[in-house]
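Enquirer: Below is one structure. I have some questions about it.
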Amino acid sequence: MSGAWSRFAAPAIVGLVVLAAWEIAVRTGGVPPYILPGPLLIARTLVADWGTLAPALVATLRIAALALLAAVVVGVALAVLFTQSRWLERSLLPYAIVLQVTPIVSIAPLIIVWANDVTLSLLICAWIVAFFPILSNTMLGLNSVDHNLLGLFQLYGAGRWRTLLHLRLPAALPYFLGGLRISGGLALIGAVVAEFVAGAGGSGSGLAYRILEAGYQLKIPRMFAALVLISAAGIAIHLLLAALSHLLLRRWHDSEAGRAL
Amino acid sequence: MSEVRAAPAGAIALRGVDKTYANGTRAIDGVSLEIAAGSFVSVLGPSGCGKSTLLRMIAGLIVPTDGRIETGARGREIGFVFQEPTLLPWATAEANVALPLRLMGVDAADRRERARQMLARVGLEGFEGAWPRELSGGMKMRVSIARALVDRPRVLLLDEPFAALDEIARHRLNADLLDLWRETGVTVVFVTHSVFESAFLSQRIVVMSARPGRIVADLAVDTDQTRDEAFRTSPAYGATCRRVSDALREAMAA
Ligand SMILES: Nc1ncnc2c1ncn2[C@@H]1O[C@H](COP(=O)(O)OP(=O)(O)OP(=O)(O)O)[C@@H](O)[C@H]1O
Ligand SMILES: [Mg+2]
């Protein structure tokens, strides 16, 4: 009872109070909608413009999801390779770090030129932003196996492959899921930022382009409506990944055990 | 030069074994020890004297810097119980016990059957599906012992297995360990820092000095008496405790 209250009712009330204050401030202060629209106007715009906003949301989510998937595949594969071979880790990890610390806005134009395909370049940008937390967290997990358990596997002659499968990978799962939660948000941010840089219009364009477009046309309420959608998508991704983590860990890992979803 | 060579099944022989770690720590200094197949030997010594090092060398997990170790058991014929239960947190009690069998490629049905039998044997019937985090410290230790014994090893190495348990649990596990030893005829090397525990369990007690670990006393214990709760108050037990304490005091002084 009190758990459900603090989880859902408390943030909902805070949100409602803030929205109400915003609406009142906008109305009593006479702030014009092209400076700051009130929440009611934004909601109405959201409904009215759903026809253009919904496909944009789908396009952005598609890029974010594909980028996250690629981040998982490449991040986990590299983490496994790096922990199996010191030599590979030493020669490749510095470049992964270089990718991670390079501001995406500064290389996005280059990627767009090189990739020569809007969707592909957006995907690459979002992937670059998203993959490092998965790589570094999974590496940390693969390496933090109890050394006595490693001794036990050695005693039973388990070999590299079975030690990886039965010991290192399961031990890395909580770390990987922690990285995945960070990367989920980053994939969305990466997709949006790349869209801004690309500024690509047309039928397949995403939310960022709709924001730019609304800005040029001074349709400020639509800008806000698109922003609301991006935030909602971020929250949805977070909740989805938190649920996945809970599902996989609740029975054995202290971070999730004994917690309700 | 070090090498590992076969001794008679279940027997262990160490000849002039030295161990210096890569950072220069001399952990073991010239240890020679013959352990007969099927015997129960305790290794006792102050903290940091190299007991774990010795056990890990016998198991073949680390190699001696010098000397020779002959173990009449290979890899999977050795059961190892660590100071902590060292279970897979993502596997049930049954799956943990079955782990050695699984890594050996035993089929699922057989694995399950043998793991269940072994769990029942250590008094954990009905806890097959429990996760490690749901078990008490003593129960986790029982799972760990069941795992070490599930493939009927010739040699069982225990590294202060009951150090973290309360006295009541420790006494019960001591008695159960003795039962298992008698039933299986396994060779037991039991590392402990408890004089009482070693005097209660062993046929023979090897006392080590502070680092670098050397053997300073090798005491035989009268084996005729049955080791039950009454034994804990017997004069023979008291006498053994005194002899071991004296030897340990000398070891610390040396
Ligand atoms: N991997 C290692 N590298 C370097 N030194 C080590 C290593 N493992 C142990 N030592 C050192 O070797 C010595 C013996 O260690 P060991 O763990 O064998 O002692 P122990 O008798 O088991 O102690 P305790 O009763 O506290 O468990 C200690 O001084 C320890 O610091
Ligand atoms: Mg130790």
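Enquirer: Run down B:211, B:227 and say which single residue is assigned to a loop (DSSP other than H, G, I, E, B), within 15 Å of ligand 1 (Cβ to nearest atom), surrounded by 13 or more Cβ atoms within 10 Å (Cβ to Cβ) and touching a residue at least 40 places away in the same chain (Cβ under 8 Å).
Expert: Residue meeting the stated conditions: B:211.
Enquirer: Moving to a separate point now. So is residue B:95 in contact with a Phe, Trp or Tyr (Cβ under 9 Å, 6 or more places away or on another chain), away from ligand 2 (no atom under 16 Å from the Cβ), closer than 18 Å to residue A:156 by Cα and modelled with pLDDT of 90 or more or not? Let's see the steps before the verdict.
Expert: On the way: in contact with a Phe, Trp or Tyr (Cβ under 9 Å, 6 or more places away or on another chain): no; away from ligand 2 (no atom under 16 Å from the Cβ): yes; closer than 18 Å to residue A:156 by Cα: yes; modelled with pLDDT of 90 or more: yes.
So residue B:95 does not fit the description; no.
Enquirer: Being of a type in the set (Val, Ile, Thr) and away from chain A (no Cβ under 11 Å) is the filter here, so list the residues in segment B:59-72 that pass it.
Expert: Once the filter is applied, which keeps residues that are of a type in the set (Val, Ile, Thr) and away from chain A (no Cβ under 11 Å), segment B:59-72 yields B:63, B:65, B:69, B:71.
Enquirer: Could you go through segment B:141-159 and let me know if any residue there is at pLDDT 90 or above, within 16 Å of ligand 1 (Cβ to nearest atom), farther than 26 Å from residue A:257 by Cβ and hydrophobic (A, V, I, L, M, F, W, C).
Expert: Yes, the conditions are met somewhere in segment B:141-159.
Enquirer: May I pose another question? Return the residue satisfying two criteria in turn: it lies in segment B:157-173 and is touching a residue at least 40 places away in the same chain (Cβ under 8 Å) and touching a Leu at 6+ places or on another chain (Cβ under 7 Å), and of such residues it is surrounded by the most Cβ atoms within 10 Å (Cβ to Cβ).
Expert: B:157
Enquirer: Name every residue in segment A:1-58 that is surrounded by fewer than 12 Cβ atoms within 10 Å (Cβ to Cβ) and outside any helix (DSSP H, G or I), in order of residue number.
Expert: Within segment A:1-58, A:1, A:30, A:32, A:34, A:35 meet the criteria.
Enquirer: With (1) away from ligand 1 (no atom under 16 Å from the Cβ); (2) over 20 Å from residue B:11 (Cα atoms); (3) in contact with a Phe, Trp or Tyr (Cβ under 9 Å, 6 or more places away or on another chain) as the list, and residue B:176 as the residue in question, which single condition is left unmet?
Expert: It is condition (3) that residue B:176 fails.
Enquirer: Is there any pair with a first residue in segment B:35-50 that is aromatic (Phe, Trp, Tyr) and a second that is within 16 Å of ligand 2 (Cβ to nearest atom) whose Cβ atoms are under 8 Å apart and which are 6 or more apart or on different chains, and what are they?
Expert: Matching pairs, first to second residue: B:40/B:190.
Enquirer: Output the number of the condition that residue A:172 fails; it satisfies all remaining conditions of (1) farther than 20 Å from residue A:76 by Cβ; (2) of a type in the set (A, V, I, L, M, F, W, C); (3) within 12 Å of chain B (Cβ to nearest Cβ).
Expert: Unmet for residue A:172, out of (1) farther than 20 Å from residue A:76 by Cβ; (2) of a type in the set (A, V, I, L, M, F, W, C); (3) within 12 Å of chain B (Cβ to nearest Cβ): (1).
Enquirer: Which residues, taken from segment B:149-160, are touching a Gly at 6+ places or on another chain (Cβ under 7 Å) and closer than 16 Å to residue B:120 by Cβ?
Expert: Answer for segment B:149-160, where residues must be touching a Gly at 6+ places or on another chain (Cβ under 7 Å) and closer than 16 Å to residue B:120 by Cβ: just B:149.
Enquirer: To continue, here is another question. Residues of segment B:103-136 being exposed (fewer than 14 other Cβ atoms within 10 Å of the Cβ) and small (Gly, Ala, Ser), which ones?
Expert: Answer for segment B:103-136, where residues must be exposed (fewer than 14 other Cβ atoms within 10 Å of the Cβ) and small (Gly, Ala, Ser): B:105, B:108, B:109, B:126, B:129, B:136.
Enquirer: Determine if segment B:28-46 includes at least one residue that is under 22 Å from residue B:182 (Cβ atoms), part of a loop (DSSP other than H, G, I, E, B), modelled with pLDDT under 90 and away from ligand 2 (no atom under 16 Å from the Cβ).
Expert: No, segment B:28-46 has no match at all.
Enquirer: Name the one entry in A:212, A:177 that is assigned by TED's automatic domain parsing to the domain that holds residue A:125, touching a residue at least 40 places away in the same chain (Cβ under 8 Å) and not aromatic (Phe, Trp, Tyr).
Expert: A:177 is the lone residue from the list that is assigned by TED's automatic domain parsing to the domain that holds residue A:125, touching a residue at least 40 places away in the same chain (Cβ under 8 Å) and not aromatic (Phe, Trp, Tyr).
Enquirer: Something else about it: Need a quick list: helices (runs of 4 or more DSSP H) entirely within segment B:87-174 having at least 3 residues that are within 14 Å of another protein chain (Cβ to nearest Cβ).
Expert: B:93-104, B:137-149
Enquirer: Here is a further query. Quick one: in segment B:183-197, of everything that is among the hydroxyl-bearing types (Ser, Thr, Tyr) and within 11 Å of the chain's Cα centre (by Cα), which residue is farthest from ligand 2 (Cβ to nearest atom)?
Expert: To start, the set of residues in segment B:183-197 that are among the hydroxyl-bearing types (Ser, Thr, Tyr) comprises B:184, B:187, B:192, B:194.
Checking the rest, the ones that are also within 11 Å of the chain's Cα centre (by Cα) come to B:187, B:192.
Values: B:187: 20, B:192: 10 Å.
Among residues in segment B:183-197 that are among the hydroxyl-bearing types (Ser, Thr, Tyr) and within 11 Å of the chain's Cα centre (by Cα), the one farthest from ligand 2 (Cβ to nearest atom) is B:187.
The values are calculated or read from the model by the stated rules, or taken from the named source; none is laboratory data. Small disclaimer: the values here were computed from a predicted structure and weren't measured. Here the Cβ is made from the backbone with ideal geometry for all residues, glycine too, and neighbour counts use every protein chain on show.
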